[in-house]
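Below is one structure, written out as structure tokens; comments come after it.
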Amino acid sequence: MARPGSQESVERMEFLLSLRRRGIMDQAVLRAMDEVPREHFVEPAFNEDAYADRALPIACGQTISQPYVVAYMTEKLGVGPKHRVLEVGTGSGYQAAVLSRLAREVISIERYRTLVDVARRRLTTLDFTNVDIVAGDGLEGVPDRAPYDRIMVTAAAETIPQALIDQLGEGGVMVLPHGPHNGSQAILRITKEPSGIRQETLIAVRFVPLLPGQAREL
Ligand code: SAH
């Protein structure tokens, strides 16, 4: 925790205030955002921008999402303390860390080996013990650990991956960015009900693409 009155603590307070101002109401989500030190998830060169409300570049040409979008998607997912959550697209591990403060267990899958290794080490060092990071193709989900109460995808899907719908438990919720890779995308919320799938379109966003297969390069 930042020292009260210090530059860091003022920055952290403004960070939370800006999330509230933009409409994040859920206290548990705000607390989770407060508890995860974003400066440890950004590249050292971007340390000063860690609490600015924007996406930042990470290794392998990927990005750590904008804090507002992380908080928004987390709030819309409606995560509870008994939930097992699957995240597709570990990236820096930041979103997985936020989810881990709200859920019983988080399984996060990433297609770049380098990102898997860095995120795993980071989360262990920071003592996020209920997150398991898996290397692989998240379009296939992680079937051997299914079903999941909640699924969050953090890369844009052109079509909704059927494997993820299949791995969602009854009453489960999935939140994902949906749309063309270079066009307009929106967050979708999908709820698996006994009568079928319910789909809601939420805010417009811009995400890196969800790509098939494990990355060939590191
Ligand atoms: N949640 C991340 C943001 C990651 S950006 C964070 O908090 O930092 C999206 C990530 O999805 C990238 O790291 C990208 O490599 C990964 N990705 C894209 N397609 C994937 C797939 N099919 N399976 C697993 N990961 C994928």
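The values are calculated or read from the model by the stated rules, or taken from the named source; none is laboratory data. Please read all numbers here as calculations on a predicted model, not as lab measurements. Glycine also receives a Cβ, built like all others from the backbone with ideal geometry; neighbour counts cover every protein chain displayed. These area figures cover heavy atoms from the full protein model, side chains too; ligands, DNA and RNA do not enter into them. Shrake-Rupley method; radii C 1.70, N 1.55, O 1.52, S 1.80 Å.
Any idea of the accessible area per residue across the chain, 1.4 Å probe, to the nearest Å²?
48
Along the Cα→Cβ direction, 7 angstrom out, place labels at ASP166 and SER18. What is the inter-label distance in nm?
That separation, rounded to one decimal, is 4.2 nm.
Take every DSSP beta bridge with both residues inside the chain and express the antiparallel ones as a percent of the total, to the nearest 5.
Once the DSSP bridges in the chain are tallied, antiparallel ones form about 45 percent.
Placing +1 at every Lys and Arg Cβ and -1 at every Asp and Glu Cβ, with all other atoms neutral, what dipole size does the chain have around its Cα centre, in debye to the nearest 20? Present the calculation step by step, with values, prior to reporting the outcome.
On the way: 25 positive and 28 negative charges, 57 e Å.
So the dipole magnitude of the chain works out to roughly 280 debye.
Working from the pairwise distances between different alpha carbons, so that the mean of 1/r is found and then inverted, what is the range 21-89's Kirkwood radius in Å?
Value: 13.3 Å, from the Cα pair sum.
Can you tell me what percent of all Cα-Cα pairs in the range 1-143 are more than 27 Å apart?
16
For the chain, give the percent of accessible area contributed by carbon and sulfur heavy atoms, probe 1.4 Å, rounded to a whole number. Before the final figure, lay out each step's value.
On the way: 5290 of 10510 Å².
It is 50 percent, rounded to a whole number.
Which trypsin sites (Lys or Arg not before Pro) in the range 105-154 pass both tests, a DSSP loop state and at most 16 other beta-carbon atoms within 10 Å? Before the final figure, lay out the partial values.
Numbers: sites: ARG111, ARG113, ARG120, ARG121, ARG122, ARG145, ARG150; in loops: ARG111.
Of the trypsin sites (Lys or Arg not before Pro), not one in the loops of the range 105-154 has a Cβ with at most 16 other Cβ atoms within 10 Å.
Output the 0 to 90 degree angle, nearest 10, between the alpha-carbon long axis of helix 113-125 and the longest principal axis computed from the alpha carbons of the chain.
It is inclined by approximately 50 degrees.
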